[in-house]
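Q: Pasting a structure below so you can have a look.
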Amino acid sequence: MSNKPDLLHGVPEIPAGSVPHANGCDQSCFLGERPDPLSYKEAIQTVKNWFRANSLWVIAYGTGCGSIELRPLGTARFDMERFGIAMRPTPRQSNVLIISGYLSIKSLKRVIRVYEQMPSPKWVVGLGSCTINGGMYWDSYATMKVLDLYLPVDVYIAGCMPRPEALIGGFKELMRMIKNGETKGYIDYIERLDWYRENQKQIIKDWDLPDYSW
Amino acid sequence: MSLAIKIAWSLLNVLVAIAYGLVTYGVVRKTMARIQGRIGPPIYQPFIDLGKVIFLRTATSHGVMFFLGPIFRFVGGVGLFLVLPVIVGVPALENFSFNGDLLLAMYFMFFGSLGMALGAAEGGHPHSPIGIGRGLSQMTSFELPFGLAVVALISVGGSFSVTEIVQRQQELGGVLGWNLFQQPFAAAAAFLALLGMNMYPPFNIVGAPQEIPVGPPTEYNAVFQSLMMSGRSIFAIAKTVMFMDLFLGGATSIPEAFLKTFCIYMWTVFVGAVFPRFRTEQSIRFFLGWPTLAGVVAVLLPLF
Ligand code: SF4
């Protein structure tokens, strides 16, 4: 952890071998920090983090049985909108990707594309034991087992399946982490893209994704 | 009043209108939540959302027109607001209204959406053109009753100037002097068209989140989105100011202006809270039906 760049103190270095973008924009574009001269100041960073934590936009995408538990969050009983959490239907406008349960290898491809298209800073929430260790699909040929190997997960919510209260608890934890500047998964993904790619390619046999889905 | 001071006042008006639009949107979200039995987000939630998207960094680019789309939309909203007098008789709040501003206002109402259509289409996302197609066809159909209502107002009032239309209503005096009661058919056509303009249900097919993820803005994020959010709020306020001037006799004081615009805006929200969504052809049929008929009656009635 120690050699990871510190978000509180400026823009991290761009790792060697970054994928250049057609517009002359490399991976640093996704590191999330607008290069403004004030960004070294912790105060500004704190304000930014406060805004980010209080306006979490979740991409409406469900992978496993856990996505059933996402729906009640919008209803009167649980009402996630009171925390500023809203569902967005497009990855371009979302900050949080919830992997809601088992993730089939087919979906993993789509999830990778969606994750890479989201603007930084972005966070991944693993919902249910299936994302932690495979859960009751631990010996399935069709699902991935440990989500951490393929995407940088910030918060895990254990259970099979976790109740909506647990999900709200997970969101609260994520908000706390964002406010404290503890979430660096999206930086890790850029820094160790090769490692993630290797793992992804190991289980996606018919790999046909671009170098990076801009 | 010198031009420099006038520009400064207008800038201030625009900023206030944006903030007011955002607060209104917060109130709308809260209202919808309460109607659905939820607690709902705080009223200042749109400000948090706006702040967040401004701090985001985008790496998507699809060409020049893609950048210009949200700017056109924003300019359309600001332009519409700037040609309308908020309070007639108070120079600081009259913005840049002039003779014939009603024509320019009608033009600005289309301008933003057209720019947005060009920009979003360049995004190349298949859902954007679908949203645009739906949006423009719906817009064309509600422009008809609204246009007829405006023609009726112009022919009765004999003026293209919003200021003169407001003065005429205020000279007639009292609530009954408003065009809402003087020309009920024109008012009916226009207020039904407003339902389509504000794009709350049943006319929110344009940005249907389920089948065509938010429609035209699908590809926009970060600064683009912040421009669109502020553009939408000022556009909403400009439209309500226009309706206040045309039908509710304008305003004589600032609290009155706030109250009237808020009531006009909430009319569409309350209708939206209880209706499901129309399909595109259903909404077109709706606008070409009773609202257009009311508009035709409003235009023909003074002839007899
Ligand atoms: S953790 Fe349980 S409920 Fe969740 S996806 Fe896996 S099997 Fe389904």
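Values quoted throughout were computed directly from the atomic coordinates according to the rules given, and no laboratory measurement underlies them. From a predicted model like this one, the values you see are computed outputs, not experimental measurements. Note: ideal-geometry Cβ built from the backbone for every residue, glycine included; neighbour counts use all protein chains shown.
Q: Once amide H atoms are built 1.01 Å from N in the peptide plane, which residues 5 or more positions from residue A:88, or in another chain, come under 5 Å H to H?
A: A:58, A:59, A:60
Q: Which order results if A:194, B:101 are arranged by neighbouring Cβ count within 10 Å, fewest first?
A: Result, fewest neighbours first: A:194, B:101.
Q: Students often get this wrong: which residues of region B:52-93 have the backbone nitrogen under 17 Å from the point 7 angstrom along Cα-to-C-beta of residue B:2?
A: Output list for this probe position: B:92.
Q: Compute the FRET efficiency between residue A:142 and residue B:176 as 1/(1 + (r/R0)^6), taking r as their Cβ-Cβ distance and R0 = 56 Å, and round to the nearest 0.05.
A: Given R0 = 56 Å and the Cβ-Cβ separation, E is 0.20.
Q: Select from A:101, A:153, A:85 the residue farthest towards the positive end of the dipole of region A:46-203; place +1 on Cβ of Lys and Arg, -1 on Cβ of Asp and Glu, and compute about the Cα centre.
A: Value computed over the given set: A:85.
Q: Give the long-range amide H neighbours of residue A:123: residues separated by 5 or more places, or on another chain, with amide H under 5 Å away, using H modelled in the peptide plane at 1.01 Å from N.
A: Long-range HN contacts for residue A:123: A:96, A:97.
Q: In whole Hz, what ³J(HN,Hα) sequence does region B:71-87 give by Karplus (6.51, -1.76, 1.60; θ = phi - 60°), x for Gly and Pro?
A: Once rounded to whole Hz, the list reads 5, 4, 5, 4, 4, x, x, 5, x, 4, 5, 6, 8, 9, x, 6, 10.
Q: Sticking with this structure for a sec: Packing-wise, with mean Cβ within 10 Å as the measure, how do B:217-230, A:81-94 rank, highest first? Provide the component values of the computation, followed by the final result.
A: On the way: B:217-230: 23.3, A:81-94: 21.1.
Per-residue Cβ counts within 10 Å, averaged per peptide and sorted highest first, yield B:217-230, A:81-94.
Q: What ³J(HN,Hα) values, in whole Hz, does the Karplus curve 6.51 cos²θ - 1.76 cosθ + 1.60 give for region B:245-253 when θ = phi - 60°, with x put for Gly and Pro?
A: Residue by residue, region B:245-253 yields 5, 7, 10, 9, x, x, 9, 10, 9 Hz.
Q: Kindly flag which residue pairs out of B:6/B:239; A:41/A:184; B:30/B:239; A:184/B:52; B:6/B:52 have an alpha-carbon separation exceeding 27 Å in this structure. The partial results should precede the final answer.
A: Details: B:6/B:239 22 Å; A:41/A:184 18 Å; B:30/B:239 21 Å; A:184/B:52 18 Å; B:6/B:52 32 Å.
Violating the 27 Å limit, Cα to Cα: B:6/B:52.
Q: Okay, moving on. I need the shape label for region A:61-109. Rule: rounded when a/c is under 1.5, else prolate if a/b > b/c, else oblate, with a, b, c from the alpha carbon gyration tensor. Display every interim value, and only then the final one.
A: Working: a/c = 3.29, a/b = 1.47, b/c = 2.24.
Oblate shape, in that a/c is at least 1.5 and b/c is the bigger or equal ratio.
Q: Provide the per-residue ³J(HN,Hα) series for region A:136-148, in order, calculated from phi with Karplus coefficients 6.51, -1.76, 1.60 and θ = phi - 60°, each as a whole number of Hz, with x at glycine and proline positions.
A: Values, residue by residue: 7, 9, 4, 10, 6, 7, 9, 10, 7, 9, 10, 5, 4 Hz.
Q: How many percent of DSSP beta bridges within the protein assembly as shown run antiparallel, rounded to 5? List each step's numbers first, then the result.
A: On the way: 1 of 13 bridges.
Bridges in the protein assembly as shown that DSSP calls antiparallel: roughly 10 percent.
Q: Hey, another quick one. Please grab the % of Cα pairs in region A:46-203 that end up more than 23 Å from each other.
A: The proportion of pairs with Cα distances above 23 Å equals 32 percent.
Q: Further question: Springs between alpha-carbon atoms under 10 Å, Gaussian network over chain B: tell me which of B:69, B:119, B:89 tops the mean-square fluctuations.
A: B:89
Q: Loop-only check: which trypsin sites (Lys or Arg not before Pro) in region A:169-200 are DSSP coil with at most 11 other Cβ within 10 angstrom? Don't jump to the answer; show the numbers that get you there.
A: Values: sites: A:172, A:176, A:179, A:184, A:192, A:197; in loops: A:184, A:192.
Answer in residue order: no site qualifies.
Q: Points 7 angstrom from Cα along the Cβ direction at residue B:68 and residue B:259: gap in nanometres?
A: Distance between the two pseudo-spin positions: 4.5 nm.
Q: Okay, next question. Quick one: putting +1 on the C-beta of Lys and Arg, -1 on the C-beta of Asp and Glu, what dipole do you get for region B:3-303 around its Cα centre, in Debye to the nearest 20?
A: Dipole about the Cα centre, nearest 20: 740 debye.
Q: What's the FRET efficiency of residue B:297 with residue B:164 using the Cβ-Cβ distance as r and R₀ = 30 Å, to the nearest 0.05?
A: The value I calculate is 0.80.
Q: Here's another thing I want to ask about it. Please give me the summed charge of the neighbours of residue B:44: other residues whose Cβ is under 15 Å from its Cβ, Lys and Arg +1, Asp and Glu -1.
A: Combined, the nearby Lys, Arg, Asp and Glu give +2.
Q: Using Cα centres only, tell me the gap between region B:286-304 and region B:106-134 in whole Å.
A: So the separation of the two Cα centres works out to 29 Å.
Q: Continuing with the same structure: Find, among the trypsin sites (Lys or Arg not before Pro) in region A:40-74, those assigned to loop by DSSP (not H, G, I, E, B) with at most 16 other beta-carbon atoms within 10 angstrom.
A: Here the trypsin sites (Lys or Arg not before Pro) that fit, given the DSSP loop and packing criteria, are A:41.
Q: So which trypsin sites (Lys or Arg not before Pro) in region B:224-285 end up in coil per DSSP with only 12 or fewer other C-beta atoms within 10 Å? Don't skip to the end; give the middle numbers.
A: Details: sites: B:232, B:239, B:260, B:277, B:279, B:285; in loops: B:277, B:279.
Here the trypsin sites (Lys or Arg not before Pro) that fit, given the DSSP loop and packing criteria, are B:279.
Q: To the nearest 20 Debye, how big is the dipole of the protein assembly as shown about its Cα centre, given +1 on the beta carbon of each Lys and Arg and -1 on that of each Asp and Glu? Can you show the working numbers first?
A: On the way: 41 positive and 35 negative charges, 178 e Å.
Here the protein assembly as shown has a charge dipole of around 860 debye.
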